[in-house]
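To start, the structure itself, in structure tokens.
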Amino acid sequence: MANILIVDDERNIRSGLQIAFEDEGYDTFEAADGQEAWKIINKNTIDLVITDLRMPVMSGYELLKKINAAYPTLPVIVLTGHGSIEDAVQAMRDGAVDFFTKPVDLDHLILTVSKALSNKLIKEQNEKLTKEISALKKKQDFHQIIGKSAPLMKMMETIEQVAPTRASVLVTGESGTGKELVADAIHSLSNRSGGPFIKVHCAALSENLLESELFGHEKGAFTGAVSQKKGRFELADGGTIFLDEIGEINASTQVKILRVLQERAFERVGGSETINVDVRIIAATNRNLEEEVKAGNFREDLYYRLNVVHIEVPPLRERKEDIGLLIASFLDTFNKEDDKDVTGFSPAARKALMSYSWPGNIRELRNTVESCVVLARGKVIDVDDLPPQITEEKSASTVDIKIGTSLDEAERILIMSTIDYCKGNKTRAAEILKIGRKTLHRKLEEYSSSPESAQ
């Protein structure tokens with residue numbers, strides 16, 4: 001239990017507070033003035049200080065200044081008479097967490113102490129996570145990918161292994177998992193890190209514009225081509241080009257990219273001069289390119305040329321042990337950007353964040369933390385401050401199976417509830433249930449589901 005130091009020159013007040021807090025399970029220390037209190041703080045582990053302001057030898061105000069200078073995380077609650085409320089308000093400005101006028105409302109004071117100690121613990125946990133992030137960054141050569149989970153560590157090992165080579169890399173994963181950061185890491189750790197790193201978001205460009213952007217064009221090649229323009233492949237010569245959302249490109253552009261991979265050569269749109277380049281290609285997609293190849297939407301030969309090394313970025317739901325580190329990192333970022341001083345997330349809020357499935361992955365987590373920091377009403381973010389989809393999913397993720405239900409029926413309820421929870425996405429439901437998709441289909445057939453619902 002926490003140690004509370006009670007500082008007041010009135011013995012009756014000290015004794016009364018001591019009895020009240022020891023009844024609540026706290027351990028207490030007493031001091032009759034600021035000087036005595038300061039000695040106790042330096043010799044013992046004190047978790048919270050309750051101090052009067054006007055005392056002989058050393059005032060509570062002087063004690064507060066000493067505590068803030070030497071122990072900035074130690075919470076201080078000020079007691080004051082009615083005549084010194086202005087002093088108490090000033091003490092709040094100088095770092096006290098709250099103030100009470102005498103006679104003290106004990107119930108209110110006990111609640112305030114409990115909250116202050118909880119906030120102190122949250123701040124200490126966040127500082128611990130921040131130190132852990134710094135330690136991880138010192139171990140890794142690339143600092144923007146944060147985490148220590150097994151899937152992430154395996155991915156980082158692959159990145160470090162492939163980075164120094166010339167091999168093309170295909171990065172796959174759900175939207176928001178951080179595929180672009182993987183490309184950044186590969187280039188940063190490669191022998192080409194001193195060369196250009198050109199990024200192209202293929203889905204953001206129309207078919208005609210994409211070809212011109214990738215390969216450049218000659219003057220007069222098309223309406224609006226008023227001058228010669230170098231393409232992204234030409235600009236990336238000696239470095240790396242990152243083709244994000246590669247699954248969105250059309251057939252004719254696929255052919256030209258295949259040629260660059262095979263021959264390291266191309267022509268500008270409207271030109272006849274062959275341009276040779278030394279470019280490493282990293283491509284990314286959230287599509288299943290094998291399925292796209294089978295469907296005839298993506299060239300098989302291009303797929304194999306791109307997929308020399310395949311890196312799958314794990315979704316956030318498979319690396320939830322990294323959420324604490326990510327939250328601490330984002331919290332630090334947005335506190336600085338938005339000039340805020342949010343300490344952290346309450347245990348209940350943190351539990352809700354850990355329970356959420358994060359369909360939008362790290363991008364969604366980052367946006368959630370930014371929203372919470374911007375809209376925070378206090379120094380600690382609680383469950384009520386979280387976006388509704390997080391708390392709603394938490395309540396929706398519980399299945400009510402009554403005692404007496406057979407195992408077969410309980411299994412059916414669990415499977416059907418999980419499919420409803422996943423909004424009909426049976427692949428996702430199978431992942432949550434940790435069963436194969438074929439097994440899920442077989443179970444659905446056993447439950448006499450219609451063929452349409454078992455697709």
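The values are calculated or read from the model by the stated rules, or taken from the named source; none is laboratory data. The structure displayed is predicted, hence computed values, not measured ones. No Cβ is skipped: glycine too gets one built from the backbone with ideal geometry, and neighbour counts run over all protein chains shown.
Residues of region 214-231 being crowded, with 20+ Cβ neighbours inside 10 Å and either closer than 24 Å to SER193 by Cα or modelled with pLDDT of 90 or more (or both), which ones?
Within region 214-231, LEU214, PHE215, GLY216, GLY231 meet the criteria.
Being in contact with a helix residue (DSSP H, G or I) (Cβ under 6 Å, 6 or more places away or on another chain), outside the structural domain of ILE432 (by TED's automatic domain parsing) and modelled with pLDDT under 90 narrows it down to one residue among THR398, THR418, THR343; which is it?
One residue alone meets the criteria, THR343.
What about MET92, is it without any contact (Cβ under 8 Å) to a residue 24 or more places away in the chain and either in contact with a helix residue (DSSP H, G or I) (Cβ under 9 Å, 6 or more places away or on another chain) or of a type outside the set (Phe, Trp, Tyr) (or both)?
Considered against the rule, which asks whether it is without any contact (Cβ under 8 Å) to a residue 24 or more places away in the chain and either in contact with a helix residue (DSSP H, G or I) (Cβ under 9 Å, 6 or more places away or on another chain) or of a type outside the set (Phe, Trp, Tyr) (or both), MET92 comes out as yes.
Going by the structure shown, is ASP332 of a type in the set (D, E, K, R), touching a residue at least 12 places away in the same chain (Cβ under 8 Å) and at negative phi?
yes
Would you say ILE327 is under 16 Å from the mean Cα position of the chain (by Cα) and under 24 Å from LEU117 (Cα atoms)?
Against the criterion (under 16 Å from the mean Cα position of the chain (by Cα) and under 24 Å from LEU117 (Cα atoms)), ILE327 qualifies.
Which fully enclosed helices (runs of 4 or more DSSP H) of region 141-250 have 1 or more residues being of a type in the set (Phe, Trp, Tyr), on the phi < 0 side of the Ramachandran plot and assigned by TED's automatic domain parsing to the domain that holds ASN307?
Answer list for region 141-250: 207-215, 232-235.
Name the residue, out of ASN288, ASN250, that is modelled with pLDDT under 95 and farther than 30 Å from LYS148 by Cα.
Going through ASN288, ASN250 in turn, just one is modelled with pLDDT under 95 and farther than 30 Å from LYS148 by Cα: ASN250.
Which numbered condition trips up ARG319, out of (1) buried (at least 21 other Cβ atoms within 10 Å of the Cβ); (2) in contact with a strand residue (DSSP E or B) (Cβ under 8 Å, 6 or more places away or on another chain)?
Exception for ARG319: condition (2).
Would you mind stating whether SER371 is touching a Pro at 6+ places or on another chain (Cβ under 7 Å), surrounded by fewer than 20 Cβ atoms within 10 Å (Cβ to Cβ) and within 30 Å of THR73 (Cα to Cα)?
In short, yes.
Name every residue in region 347-359 that is more than 13 Å from the chain's Cα centre (by Cα), surrounded by fewer than 22 Cβ atoms within 10 Å (Cβ to Cβ) and over 22 Å from SER175 (Cβ atoms), in order of residue number.
PRO347, ALA348, LYS351, ALA352
Among the candidates SER227, SER193, SER188, which residue alone is polar (S, T, N, Q), more than 28 Å from GLU291 (Cα to Cα) and touching a residue at least 24 places away in the same chain (Cβ under 8 Å)?
Testing whether each residue is polar (S, T, N, Q), more than 28 Å from GLU291 (Cα to Cα) and touching a residue at least 24 places away in the same chain (Cβ under 8 Å) leaves just SER188.
HIS310 is checked against (1) in contact with a strand residue (DSSP E or B) (Cβ under 7 Å, 6 or more places away or on another chain); (2) part of a helix (DSSP H, G or I) and fails just one. What number does that condition carry?
Of the numbered conditions (1) in contact with a strand residue (DSSP E or B) (Cβ under 7 Å, 6 or more places away or on another chain); (2) part of a helix (DSSP H, G or I), the odd one out for HIS310 is (2).
What are the residues in region 196-205 that are modelled with pLDDT of 95 or more and either out of contact with any Asp or Glu (no Cβ under 7 Å at 6 or more places or on another chain) or under 17 Å from GLU318 (Cα atoms) (or both), if any?
Answer for region 196-205, where residues must be modelled with pLDDT of 95 or more and either out of contact with any Asp or Glu (no Cβ under 7 Å at 6 or more places or on another chain) or under 17 Å from GLU318 (Cα atoms) (or both): PRO196, PHE197, ILE198.
Please state which one of LYS434, LYS379, LYS438 is surrounded by fewer than 18 Cβ atoms within 10 Å (Cβ to Cβ) and touching a residue at least 60 places away in the same chain (Cβ under 8 Å).
So the residue among LYS434, LYS379, LYS438 that is surrounded by fewer than 18 Cβ atoms within 10 Å (Cβ to Cβ) and touching a residue at least 60 places away in the same chain (Cβ under 8 Å) is LYS379.
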